[in-house]
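Here is the structure we will look at, set down as structure tokens.
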Amino acid sequence: MNNKKSKRYVGRKMVAIAIFSTIGMVIGSLNAAVVNITEGSTKGYTLTGGNTYVIQNSVSFSNSTVGGSGMSVKDGATVVIYVPQSVTLTASGANGSGRTGGGAGIRVPATSTLIITGEGRVIASGGNAGNGVNGGKG
């Protein structure tokens, strides 16, 4: 057996154990309910406090309302999103119009906390500004 491969395997196993231990501590400390997400939405999605959202497969959240956010954390909430390896979460805000600015990919109010963990990918992009005419990306 090659020692390099053996050490590499042990290293990966140790990292995986550390990641799951950390997730367990976060979930346990929040006394969180687990919400499994298997589908996206084109109407936005609100993340509520006390929940851990587990992204089961690659999904997209967007919003067709002018200035709406793809995902929003509720005011005063603490939320955990877990994105496993090989999974992508995409969140896109809607464009603004007139006096309404573009929406956030994931909106997190100043009174809220969002924790994103896991080995997957998160792609969040804001909508175009809309102060008279469309501007650059939000």
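The values are calculated or read from the model by the stated rules, or taken from the named source; none is laboratory data. Predicted, not measured: the structure shown is a model, and the values here were computed from it. Positions of Cβ are backbone-derived with ideal geometry, glycine not excepted, and every protein chain shown enters the neighbour counts. The accessibility values were calculated without ligands, DNA or RNA, using every heavy atom of the protein model including side chains. Shrake-Rupley method; radii C 1.70, N 1.55, O 1.52, S 1.80 Å.
Listing for the model above:
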read-out	value
Lone qualifier among Thr90, Thr65 - being under 30 Å from Ala129 (Cα atoms) and either of a type in the set (A, V, I, L, M) or at pLDDT 95 or above (or both)	Thr90
Residue, farthest from Ser41 (Cα to Cα), within the stretch 91-113, restricted to residues that are surrounded by 18 or more Cβ atoms within 10 Å (Cβ to Cβ) and among the hydroxyl-bearing types (Ser, Thr, Tyr)	Ser97
Selected residue [in a strand (DSSP E or B), hydrophobic (A, V, I, L, M, F, W, C), touching a residue at least 12 places away in the same chain (Cβ under 8 Å) and open to solvent by 40 Å² or more (accessible area, probe 1.4 Å)] from Ile81, Ile116	Ile116
